[in-house]
Amino acid sequence: MSTSALLSDAAKRKIDRELTKYPADQKQSAVMSALAIAQDEHGWLPNELQDEVANYLGMPSIAVYEVATFYNMYNLKPMGRHKISVCTNLPCAFSGGVDAAEYLKSKLGVDWKELTADGKFTLVEGECMGACGDAPVLLVNNKRMCSFMSPEKLDKLIEELK
Amino acid sequence: MINLEIDGRPVQVESGATVMDAANKVGTFIPHFCYHKKLSIAANCRMCLVQIEKAPKPMPACATPASEGMKVQTNSEYAKTAQKGVMEFLLINHPLDCPICDQGGECQLQDLAVGYGAPASRYQEEKRVVVNKNLGPLISTDMTRCIHCTRCVRFGQEIAGIMELGQAGRGEHSEILAFVGKTVDSELSGNVIDLCPVGALTSKPFRYTARSWEMSRRKSISPHDGLGSNLVVQVKQDRVMRVLPLENEAINECWLSDKDRYSYEGLNSEDRLGKPMMKIGDAWTEVDWPIALQAVAEGLKVVREKHGAESIGALASPHQTLEELYLLNKLVRGLGSGNIDARLRQVDTSADGRLAGVRWLGMKFADIAGLQSVLVVGSTLRKEHPLIANRLRQAAKKGLQVNLVHVADDDLLMKVANKAIVRPGGMVGMLGAIAKALVEIKKASLPGDVATAVAGIVVSPDAMAIAQSLAQQAKTAVLLGNFAQHHPQYTMLHVLGQEIARLTGGTFGLLNEAANSVGAAAVGVEPGKDGMCAQGMVRQPRKAYVLMGVEPQQDCYDPVATMSALRAADFVVSLAMFKGAAAEFADVVLPIAPFTETAGTFVNAEGTVQSFNGVVKPLGESRPAWKVLRVLGNLLELPGFEQENINSIRGEIAPDLQAFVDARLNNTISGVKVDIPAASGGIARVAEVPIYAADPLVRHAPSLQKTADARMARRIGLSAGLAEKLGITTGMDVRVTQAGNSIILAAAVDNGLAPDCVRVAAALAETAALGPMSGSVSIEKAAMAAAAD
Amino acid sequence: MMIDYGPDAIILKGLDGSNWRLKDYETRAGYQALKKILKDGIKPEDVTAEVKKSGLRGRGGAGFPTGLKWSFMPRPFAGPKYLVCNSDEGEPGTFKDRDILRYNPHILIEGMIIAAYAMGTAVGYNYIHGEIWAEYERFEEALEEARAAGYLGRNILGSDFSFELHSHHGFGAYICGEETALLESIEGKKGQPRYKPPFPASFGLYGKPTTINNTETFAAVPYILREGGEAFLNLGKPNNGGTKIFSLAGHVTRPGNYEINMGTPFARLLELAGGVRGGRKLKGVIPGGSSTPVIKGDLMMTLDMDYDSIAKAGSMLGSGAVMVMDDTTCMVKAAERLAYFYFEESCGQCTPCREGTGWLYRIVHRIEHGLGRTEDLDLLLNLADQIQGRTICALGDAAAMPVRAFVKNYREEFEFHVAHKRCMVGPGGYSTSPVNEPLAMAAE
């Protein structure tokens, strides 16, 4: 019997709600949201957590791992408290996306995929977020999108998150 | 039917066929990697791109449906450009380490690079390196060589029924792996090695031991389960280096179980006997053949003279060849004894003399695909007959309803429609209930004794569901597995199974345990009216025993009683491949040749006669058992031991072996009164034969002994309720006591086990001390037991 | 304050960023088309006929006629059928569906309900790009509103038609915008495209008949059913009916979405966005999302914005993402960034794409960094040929086409990089300007 150690009851209730969207014999459909829910709780997806999600949804662990490693918003390693993904794709780059990224790199003293010394921020390079008109855009912990990120707004954001 | 042209040649294919199918039909080779006829279409390698008239781009032959009037060019400039382009991409990140690659010489990528590769690479960038993975003791990895065809992943999902490998990551970073920290534990895992078109997945035991072209390829037949897989045995310098499947669609298709594939390691075991051995005084000494044979003849003669011929008994392994079993039977009966048996783990032989013929599957393996509902009684399926299980799995995907009556709810990795998990003592009653339910559904009647026996049974919902599944389908079968055949009420299970099959108009059959169970019975290796069965010879000990291919501690129903009978005997000769524990019970050991070192014949569960030749010379001074028996026959001055070669033995058995066997196959038992025993209380032992412990050869194969299956077999399974009651958790050491004998092993709580059962495997040295394969046991925490002592 | 999406807007008309709720939508004639269909008992096949008449073509990029696609669904079918909306908007340059989802979600819901009615599907899913979480949550909220109002669920508005709609979010994979990868993703797998045939209409979600359309496509449906297919068609040109939302990004004064009639001249569209930023010269335009071939500025100024005109010029209208580049743009660097994107986003399934996208990127990267070789340019063109048309899905094409077009149209810049190990246009790098917020008031 597998007793869940990492997945909280609250998380399970959220997963259960997702499960209502799909046919009863297609529980695997909820794996993307289940992993997102699990990641919200833990900040990242340790193997044991993926295994628990697999058990909860009745799917092979390796199939969960395939999903977790395919979609790039899942964190397979511990992250800073705030993961900041900055879009540097071409349309954004034309409107300051790369500049914003460079500004953050020097402000936080880290390069891509690095964690700040205080453990608060991890900076990652994002791909198209579907908000090119708002460039520069960035995501905080996958879910909060910040638009038109001028240096002043970046300063404000970092201050707020600190 | 669809008409199309492949390279100008007209061809007709069924609707739904692909361009690849059409090309195969006219014998046109289209290069490919990911395509495999037994797997789903992935169309990812893109090597099979061909030119199709009016198509705007090159099309993958494996995935493009053939259509009327289609004109396909597989070899045009256009097609070749596409194919060569793909080859260039495949090679840019391939390490080209062919000189140190085990796949070298049998590598699809290497072979196709000859025709489609360029002399020099245009790729000037850095090559990808992928970390190797530990997939367990059987499969070695060199993942940088992987070309991402996903055949191994699809094999797990579609054939083995368990997804253990996956492709993680994406794009250039995608890699094949198992979930972190896990190994590939499927009993069919080795097939991914054959499927891998490159050297990414290779055989771990075989690693770096030979180049493929140094070895000769010789055909053989697997000596393990009742399937009789066809083998290609690869030999270098008179040593078996590796075993691969020989494709036979009717038997093993293109697959091998890991047992068939890796047991060859036992052939070269340190424990192999190279010379005859004898007990001289108290010393155990190697001797020359003439001395040993003379001693055997003398030993048997003395016992016969002193105690009579009936004091001699013979136990033979059903993994020995037809010719060997035939000659042993002739020898024992020539001595005047009827005590011979190869059903070493069968305790209930009450149907002897009432069986119409040789027990068998009742149908061909290929017929499984056409079944609509099947009742499997007392079988772990996957671990007994991995590839028959696969046939059921594939049929289940197409709608076969699999019904199960067993003591444990192990994951069969297939959809099980209905199951009744009962204690060993409840199995007969469950079949009675199913029969009773069928009578109600079918408005049929049962023979008087059966009707009386089931009168008091209450039909449970499980029994009713199984009966309905069988009643509603036209093509049905009832199959008894190993556990049923080893069951103390086997005859009742057989008769009721037969009754259920009769009521549903279906087939009744047995999943015969060993490679030659059918053959042994066909040549009469079974006691007649005047003889004793294997258990009989143990219960009423004989004065002399002849063993052939038997390790009595592991191969017999009751190791304790068997060993004590052997020890007490005046004379024991063992014809054996391995030294084993022979010194403990034998007076003379004669080294005999395994299946790779002698010609022979196995008759599989479906009754197919499969003969083979030796592929290497016998090791040391070991000799084919048929030769040994012939000389013994002569030394014992028995008539009819003049056979010069294997063919003369075969001819003596019957001019046409297949017809001989076919004429004898019959599962009908008649004249047995059905009696359903009352359920017994207490804690019941469930003793199964673990997959890698079934016969001496596999027990001597080291890599198989390192698998998860081998490890798990050495744990004591407990029903969940029982574990809770006793406060036992997985991993805890527990003491199991059966009839005064105890062993201590680690426990494993088993949620699928019937209530109040303890699962202690048979066929293991570690559990031999417990005695019989059924009975009641007690169990306690080992620490507590120690404190009480 | 209304957001200015241009004078032709029908889908994005009358939006101020906060009037997205059901009651607001109803004041914009929302759900009237659905009510009309159910009240008048319009036959499902007549709904499809109306959509066919409208000339509506798929707004996700392929431009396949929508009505025709709907007619592929087997009407009588034992077992479930599915309707899926592709809101996995991740093609660089495209950000139109996001505005529909956040500012006018009910128009999509109504469009999907009508589509479900036409095709007899009982369950639908809207697959929303993982990066726009706020929009995903808003859509969930809009679904709740629609359920509460009886527009979704059992016996919609008292009829015997039932339809349930759910949203499903992605989590960072461009490839899931490909319809079969999207289906795999809903099934809880990696987003690896399926080989077609079989097509989703026969073997789609969970192996059942499925129709997949883009967000904007569904969003156009209520208008068509309310005003008639003819009216929609007449907004645009024959075979190019209706309006289209264009996402303008890059070197324009006011980046943003502009909904204009099909066939409107590009020059007019550029004018709506305030022209090239800083009044600079137009160097090139990627007219339909990053995968479509770049067109030189002079030629672009002569084109109309519809499927056929752009195709004639050797590119594609795609998803309507218009990326504008001024004369300060280094085309090698631009090509490098796009090549990197496709390399990053290749699913890894097909050999040419898995191996080829990395190769393309590494070559362009070398050239950009002064390590290019003369033979690299022809190698790039040849590799693009070896990738395009050789893969299961169009990502291979999407990776090959921009590289080929950049090398062909701006070969002299690539050659200059190889020869001089530096950029032909100034210091190199991206030309950027101070961040401005033309439409921010709606969002804040």
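The values are calculated or read from the model by the stated rules, or taken from the named source; none is laboratory data. Given the structure is predicted, the values throughout are model-derived calculations rather than measurements. When we count neighbours, we look across all protein chains shown, and the Cβ atoms used for this are built from the backbone with ideal geometry, even at glycine. Just so you know, the surface numbers come from the protein's heavy atoms only, side chains and all, with ligands and any DNA or RNA stripped out. Shrake-Rupley method; radii C 1.70, N 1.55, O 1.52, S 1.80 Å.
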Going from most exposed to least, what order do B:Ile457, C:Ile128 have by accessible area with a 1.4 Å probe?
-> B:Ile457, C:Ile128
Check: chain C dipole with +1 on Lys, Arg Cβ and -1 on Asp, Glu Cβ, in debye = 620
When the Karplus curve 6.51 cos²θ - 1.76 cosθ + 1.60 is applied with θ = phi - 60°, which whole-Hz ³J(HN,Hα) does each residue of region B:519-528 get, with x for Gly and Pro?
-> x, 4, 5, 5, 8, x, 7, 7, x, x
Stretched out fully, how many nm does the piece from B:Asp662 to B:Ala369 gain, at 0.36 nm a residue minus the Cα gap?
-> 103.3 nm
Once phi is turned into θ = phi - 60°, what whole-Hz ³J(HN,Hα) does the Karplus curve with 6.51, -1.76 and 1.60 give for every residue of region B:448-456, x standing for Gly and Pro?
-> x, 5, 5, 4, 5, 5, 8, 3, x
For region B:334-424: relative contact order, % (alpha-carbon pairs under 8 angstrom, 6 or more apart) = 22
Round to the nearest 0.05 the FRET efficiency obtained for B:Asp238 and B:Ile100 when R0 = 35 Å and r is the Cβ-Cβ distance.
-> 0.90
Rounded to the nearest 500 deg cm²/dmol, what is the calculated helix-only ellipticity per residue at 222 nm for chain C, with -39500 (n - 2.57) per DSSP H run of length n ≥ 4?
-> -12500 deg cm²/dmol
Antiparallel content of DSSP bridges confined to chain B, in %, to 5 | 55
Antiparallel bridges, percent of DSSP beta bridges restricted to the protein assembly as shown (to nearest 5) = 55
Sequence order, region C:249-266: Karplus ³J(HN,Hα) from phi using 6.51 cos²θ - 1.76 cosθ + 1.60, θ = phi - 60°, Hz rounded, Gly and Pro as x, gives 9, x, 7, 10, 5, 10, x, x, 8, 9, 9, 10, 5, 4, x, 5, x, 4
Would you please give the FRET efficiency between B:Ala746 and A:Arg13, computed as 1/(1 + (r/R0)^6) with r the Cβ-Cβ distance and R0 = 35 Å, to the nearest 0.05?
-> 0.45
Using a 1.4 angstrom probe on the protein heavy atoms only, line up B:Arg393, B:Arg715, B:Arg664 by accessible area, largest first.
-> B:Arg664, B:Arg715, B:Arg393
Proximal charge balance of C:Phe199 [Cβ under 11 Å; K/R count +1, D/E count -1] | +2
Counting sequence-distant residues (5 or more places) and residues on other chains, those with an amide H built under 5 Å from that of C:Tyr125 are C:Leu83, C:Val84, C:Cys85, C:His166
Span per principal axis, largest first, for the Cα atoms of region A:64-139 (Å) | 36, 30, 14
Accessible area per residue of the protein assembly as shown at 1.4 Å probe, in Å²?
-> 35
Computed for C with B: buried accessible area summed over both chains, 1.4 Å probe, rounded to 100 Å², at 2800
In percent, how large is the relative contact order of chain A, given Cα pairs closer than 8 Å and 6 or more residues apart?
-> 18
Extension gain, B:Arg207 back to B:Glu5 (0.36 nm per residue minus Cα-Cα distance, nm) | 68.3 nm
What is the pair-distance distribution P(r) of chain B, computed from all Cα-Cα distances in 20 Å bins starting at 0, with each bin given as a whole percent?
-> 15, 45, 32, 8, 0
Take region B:256-383, drop everything but the C-alpha atoms, weight them equally and run the Debye formula without solvent; then report log10 I(q)/I(0) at 0.09, 0.10 Å⁻¹ to two decimals.
-> -0.48, -0.58
Listed by chain and number, the lysines with an alpha carbon less than 21 angstrom from that of B:Lys383, same-chain partners under 8 positions apart left out, are B:Lys182, B:Lys259, B:Lys364, B:Lys397, B:Lys415, B:Lys419, B:Lys706
Say each of B:Ala678 and A:Asp111 gets a label point 7 Å from the Cα, pointing the same way as Cα to Cβ; how far apart are those two points in nm?
-> 8.2
Please list, in chain and number order, the residues 5+ apart from B:Met241 or on another chain whose amide H is under 5 Å from its amide H, with Hs placed from the backbone.
-> B:Gln234, B:Val235, B:Lys236
When only the heavy atoms of the protein chains count and the probe is 1.4 Å, how do C:Lys96, C:Lys408 rank by accessible area, highest first?
-> C:Lys408, C:Lys96
On the full set of protein chains, 1.4 Å probe, figure out the accessible area of C:Arg422 and give it in Å² to the nearest 10.
-> 130
In Å, what is the Rg of the alpha-carbon atoms in region A:12-57, and how long is Dmax?
-> 10.1, 30
Quick one: which bits of region A:129-162 get at least 50 Å² less accessible when the partner protein chains are in, versus the chain alone, with a 1.4 Å probe?
-> A:Gly130, A:Gly133, A:Lys143, A:Phe148
Area accessible to solvent at A:Ser33, 1.4 Å probe radius, in Å² | 10
Added length on full extension, which subtracts the Cα-Cα distance from 0.36 nm per residue, B:Met712 to B:Ser564 | 50.4 nm
Longest principal axis of chain B (C-alpha) makes with the long axis of helix B:427-442 (C-alpha) an angle, in degrees to the nearest 10, of 70
Which value, in Å to one decimal place, does the Kirkwood hydrodynamic radius take for the protein assembly as shown when every pair of different Cα atoms is included?
-> 35.4
Under the helix-only model (-39500 (n - 2.57) for each DSSP H run of 4 or more, divided by the residues of chain B), the mean residue ellipticity at 222 nm, to 500 deg cm²/dmol, is -8000 deg cm²/dmol
At a probe radius of 1.4 Å, figure out the A/B buried accessible area, summed over both chains, and give it in Å² to the nearest 100.
-> 1200
Separation of region B:534-584 and region B:1-62 by C-alpha centroid, Å?
-> 59
Take the solvent-accessible surface of the protein heavy atoms, probe 1.4 Å, and return the percent of it on the protein assembly as shown that carbon and sulfur atoms account for.
-> 52
Expressed in nanometres to one decimal, the distance between label points 7 Å along Cα→Cβ at B:Ala250 and A:Trp44 is 5.9
Efficiency of FRET between C:Lys36 and C:Ala149 - r from beta-carbon atoms, R0 22 angstrom, step 0.05 | 0.85
Long-range tail of P(r) for region C:18-118 (Cα pairs > 22 Å, %) | 39
Given the protein chains as shown and a 1.4 Å probe, how many square angstrom of B:Asp656 are accessible, to the nearest 10?
-> 80
Quick one: buried accessible area between C and A, total over both chains, 1.4 angstrom probe, nearest 100 Å²?
-> 4500
Using a ≥ b ≥ c from the Cα gyration tensor of chain A (square roots of the eigenvalues), is it rounded, prolate or oblate, where a/c under 1.5 gives rounded and otherwise the larger of a/b and b/c decides, a/b for prolate?
-> prolate
What is the set of long-range amide H partners of C:Asp304 at a cut-off below 5 Å, with H atoms built 1.01 Å from backbone N?
-> C:Phe266
Charge context of B:Gly536, other residues only, Cβ under 15 angstrom, K/R +1, D/E -1 = -1
Spin-label point model (7 Å from Cα, Cβ direction): what's the B:Lys219 to B:Trp284 distance in nm?
-> 4.0
Output the Kirkwood hydrodynamic radius of chain C, Cα pairs only, in Å rounded to one decimal.
-> 22.4
Region B:529-591: mean projected area of Cα convex hull, nm² = 4.0
May I ask you to list the lysines whose Cα is less than 18 Å away from that of B:Lys275, ignoring any residue fewer than eight positions away on the same chain?
-> B:Lys579, B:Lys617, B:Lys627
Among beta bridges that DSSP assigns inside region B:526-636, antiparallel share in %, nearest 5 | 30
